[in-house]
Every structure is written in structure tokens, then in C-alpha cells.
1. Condition first: in a helix (DSSP H, G or I) and among the charged types (D, E, K, R). Now tell me which residues in the stretch 56-71 satisfy that.
2. Select from the stretch 102-135 the residues that are more than 17 Å from residue 74 (Cβ to Cβ), aromatic (Phe, Trp, Tyr) and surrounded by 14 or more Cβ atoms within 10 Å (Cβ to Cβ) and list them in ascending order.
3. Please go through (1) over 17 Å from residue 52 (Cα atoms); (2) modelled with pLDDT under 95; (3) in contact with a strand residue (DSSP E or B) (Cβ under 8 Å, 6 or more places away or on another chain) for residue 120 and return the number of the only condition it doesn't satisfy.
4. Of all the residues that make up the stretch 90-136, how many are assigned to a helix (DSSP H, G or I) and either under 16 Å from residue 44 (Cβ atoms) or hydrophobic (A, V, I, L, M, F, W, C) (or both)?
5. For the stretch 15-55: of the residues being exposed (fewer than 12 other Cβ atoms within 10 Å of the Cβ) and in a loop (DSSP other than H, G, I, E, B), which is modelled with the lowest pLDDT?
6. Could you figure out which of (1) surrounded by 12 or more Cβ atoms within 10 Å (Cβ to Cβ); (2) in contact (Cβ under 8 Å) with a residue 60 or more places away in the chain isn't true of residue 94?
7. Can you spot a residue in the stretch 51-74 that is touching a residue at least 12 places away in the same chain (Cβ under 8 Å) and closer than 20 Å to residue 111 by Cα?
Amino acid sequence: MGLDQYAYVASRAGEMNDYYESSDYETNSTPVVKPREIAYWRKHPNLQGWMEQLWIDKGCHNPEDDPSFNGVEVELTWEDLVQLEQAVKEGELPKTRGFFFGEDSDEYYKDADLKFIREARAELFMGLKVFYNSSW
């Protein structure tokens, strides 16, 4: 058990779930393409905290329906990536704790975080959507 975090590109929200839940991998005769993973983190708690705050700021969080930020897909925009890059470069990811989250790993993942941001921007430029999701 532990915090596993993913970033992936897809053409629309919910495509990852559709891919895994569809028995014939088709929706309305349109093939569902598996989203492509562009980043993976194992126990990067402060990134998780940053993404959870983004989820709240976007107005996606309803405490009655969404009690925890676990298995929640968050779409990342160009502006989100600008803010994330600034937080990573300036060491300003929020200190986040959780039973399965592990210890602060900002320095360990700093280069990987910046690489993810560059790749995510390229995908957005190409017209795809970038999503973050996690499981713990």
C-alpha cells in the first residue's frame, strides 16, 4: 500500500475509466483509445497536496460526495502547469502528510517534475488533455 500518482494524456476526461471498464473497448461504435501515461510518482506527498488544492480551487470538490482526494481525475491546464512549475522550482509544494504517503520527496522528484511539466505542455500544444490521478 502506498501513494501512487499518475499523469496521462487523453482526448477527453474520463477516458481512462472508459478504457478499463469497457468490455469491448468501444463506446457508441467509437474505439476507446487507452490514454498514454507521461509520468508516474511513488509517494510524492507534497505533489499530492498541491494537486488536491488545485482540485479544490477548481471547484470540483464536494465534501459530501467527495470525502477524499483518492482516485480523482484532475485536468491540468497550461496555467496550472505554470503554477506547478513555479512551486517546484521555488520549493513551494505544500507540506502534505498521509498514512500511506511517505516522506517529503520534493528534491528526489524535482527533475522528474520539471520533465513532466515540459512533456505536459507539449501534449497540450498538440491539442490533447493532460490529467492527474492518484491512488492510496
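The values are calculated or read from the model by the stated rules, or taken from the named source; none is laboratory data. As the structure is a prediction and not an experimental result, all values here were calculated from the model. Counting neighbours? That spans all protein chains shown, and the Cβs are built from the backbone with ideal geometry, glycine included.
1. Let us first name the residues in the stretch 56-71 that are in a helix (DSSP H, G or I), namely 56-57.
Scanning the stretch 56-71 gives a single hit, 57.
2. Within the stretch 102-135, just 109 meets the criteria.
3. For residue 120, the exception is condition (2).
4. 16
5. Checked the stretch 15-55; the qualifying residue modelled with the lowest pLDDT is 23.
6. Exception for residue 94: condition (2).
7. Of the residues in the stretch 51-74, the ones touching a residue at least 12 places away in the same chain (Cβ under 8 Å) are 51-55, 58, 60, 69-74.
Still in the running and closer than 20 Å to residue 111 by Cα: 51.
The answer is yes; a qualifying residue exists.
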